[in-house]
Amino acid sequence: MTAPHVTEKGLTMTELPHPTTLATPGFVDGHIHPDKTTWGGPWLSRKPAATLAELIANDRATQHDFALSVEDRAYALLSNALRNGTLAMRAHVDVSTELGLRNIEGVRAAAERLAPHLTVQIVAFPQFGVLTDPGTADLMSAALTAGADLVGGIDPIGVENDLHGHLDTIFGIADRAGRDLDIHLHDGGEGGLAEIREIAARTIASGRQERVTIGHAFALCDASLPSLGETLDRVAEAGIWIATCALGADPVPDLDRFERHGVRVVAGSDGVRDSWSPFGNGSMIDRAHLLAYRTGALTDADLERVFRIATTAGGTMLGIPELAAWGGAEGGTRLEFPAESIAQLVVDRPAPTRVLRDGGEVLA
């Protein structure tokens, strides 16, 4: 390292050598809500909310007040994510009797404007319930021919108060359409673990190992629960992916314990500057940094693990070979950063200097 310049008045500055260029795999955002974002539009002042029900109610009210269309807001956010090195994402997009399919169509239109650089898998997400919002199940089936790729779900007990009724409905939609599932589950405690075990049992019974994801899964983050170990084993047996977003005060997984049980994890942005949170920017290097911070990463190995969770693990979950098995520094799909190592990159979280996919420079 170059020595500091010293003058008669003392230390003035330190000259650092020019940083090396580090090539890495592309980022994958495993859980994002681009239809809800205010990105590119006026600032949204958020209402207080202490419960999931209040957050959902705020969300429901806000969706009628956006100044820009779903497509314009989603395109603004997706473009920013692409510039920051996200090459694929799984987007949860609301379907309800109030919204119909407009959010699905808007996000799909935005995604098509960024293809083939950005791959977007859309989940038909019943934010306001399936059973509690009659007619939503039919709309979710229709969404699968209007731009959605997967069937979503929402807390079967916390939102719907009917574990088997909710799971019967969403697994039935997926069975008829031959699609995978990605289910939001905020419910905590032993009740939340029981829901997760039931999802695991249905995953195995329907032959969907490695084709089901649970987002958030806060109950799996509570080390005090007696049945946690058993539930993690069931999740691993079913090949269920867990998507974590490390937001605010939300629980985060014990990554060491998940690894010991063979549970696979991906990272996502969740809501970006929407009614749920004023934070987020769609940058997955920022998300990797946050996950590292929240999980107490210390060593280079710890930091490298969260980077894999934000990159190649997501590529594996989404089934994109070029992002799951990186081709190396000379490959046609890569990011380039001013950093010496992955560990330094996660800590410093710079924007990439270059984003390439299939040999072409990405411009968004």
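The values are calculated or read from the model by the stated rules, or taken from the named source; none is laboratory data. Since this is a predicted model, take the numbers as computed values, not measurements. Cβ sites come from the backbone with ideal geometry, for glycine too, and all protein chains shown count toward neighbours. When the accessible area is computed, the model is the full protein with side chains, heavy atoms only, and any ligands, DNA or RNA have been set aside. Shrake-Rupley method; radii C 1.70, N 1.55, O 1.52, S 1.80 Å.
Restricting to region 106-136, what's the tally of residues that are part of a helix (DSSP H, G or I), free of Cβ contacts under 8 Å to residues at least 60 places away in the same chain and crowded, with 19+ Cβ neighbours inside 10 Å? Result for region 106-136: 3.
Among the candidates Gly158, Gly188, Gly153, the residue that is open to solvent by less than 10 Å² (accessible area, probe 1.4 Å), touching a helix residue (DSSP H, G or I) at 6+ places or on another chain (Cβ under 7 Å) and among the small types (Gly, Ala, Ser) is uniquely Gly153. The listed residues are Gly314, Gly319, Gly282, Gly359, and the only one of them that is in contact (Cβ under 8 Å) with a residue 60 or more places away in the chain and either exposed (fewer than 15 other Cβ atoms within 10 Å of the Cβ) or under 23 Å from Val212 (Cβ atoms) (or both) turns out to be Gly314. Exactly one residue out of Ala200, Ala223 is at pLDDT 95 or above and in a helix (DSSP H, G or I): that is Ala200.
This table checks each residue for (1) part of a helix (DSSP H, G or I); (2) touching a helix residue (DSSP H, G or I) at 6+ places or on another chain (Cβ under 6 Å); (3) closer than 28 Å to Val93 by Cβ.
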site: Glu210; (1), (2), (3): no, no, yes
site: Gly229; (1), (2), (3): yes, no, no
site: Asp250; (1), (2), (3): no, no, yes
site: Arg257; (1), (2), (3): yes, no, no
site: Ser275; (1), (2), (3): no, yes, yes
site: Phe279; (1), (2), (3): no, no, yes
site: Ala288; (1), (2), (3): yes, yes, yes
site: Ala313; (1), (2), (3): yes, no, yes
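Every condition in (1) over 22 Å from Met317 (Cβ atoms); (2) open to solvent by 40 Å² or more (accessible area, probe 1.4 Å); (3) part of a helix (DSSP H, G or I) is met by Glu98 except one, and the failing one is (3). The single condition from (1) more than 14 Å from the chain's Cα centre (by Cα); (2) over 21 Å from Leu114 (Cβ atoms); (3) in a helix (DSSP H, G or I) that Gly328 fails is (3). Residues being touching a residue at least 60 places away in the same chain (Cβ under 8 Å), in contact with a helix residue (DSSP H, G or I) (Cβ under 6 Å, 6 or more places away or on another chain) and more than 17 Å from Gly271 (Cβ to Cβ) are entirely absent from region 92-100. Restricting the search to region 325-356, which residues are within 10 Å of Pro25 (Cα to Cα), among the small types (Gly, Ala, Ser) and open to solvent by less than 30 Å² (accessible area, probe 1.4 Å)? Result: Gly328, Gly331.
Checked against (1) at pLDDT below 95; (2) of a type outside the set (Gly, Ala, Ser); (3) over 22 Å from Pro251 (Cβ atoms), Gln127 passes all but a single condition, namely (3).
The condition (being farther than 26 Å from Arg208 by Cα and charged (D, E, K, R)) is satisfied by just one residue among Asp233, Asp274: Asp274. When the residues of region 89-124 are filtered to those that are farther than 17 Å from Val272 by Cα and acidic (Asp, Glu), which remaining residue is modelled with the lowest pLDDT? It comes out as Glu98. Looking across Ser275, Ser227, Ser269, one residue alone is more than 25 Å from Glu54 (Cβ to Cβ) and in contact with an Asp or Glu (Cβ under 7 Å, 6 or more places away or on another chain). It is Ser227.
Residue-by-condition table, conditions (1) free of Cβ contacts under 8 Å to residues at least 12 places away in the same chain; (2) on the phi > 0 side of the Ramachandran plot; (3) surrounded by 24 or more Cβ atoms within 10 Å (Cβ to Cβ); (4) under 13 Å from the mean Cα position of the chain (by Cα):
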position	(1), (2), (3), (4)
Ala205	yes, no, no, no
Thr213	no, no, yes, yes
Leu225	no, no, no, no
Val252	no, no, no, no
Arg257	no, no, no, no
Arg287	no, no, yes, yes
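Mind listing just one residue for me: the one in region 52-81 that is modelled with pLDDT under 85 and in a loop (DSSP other than H, G, I, E, B) and, of those, surrounded by the fewest Cβ atoms within 10 Å (Cβ to Cβ)? By that ranking, first place goes to His64.
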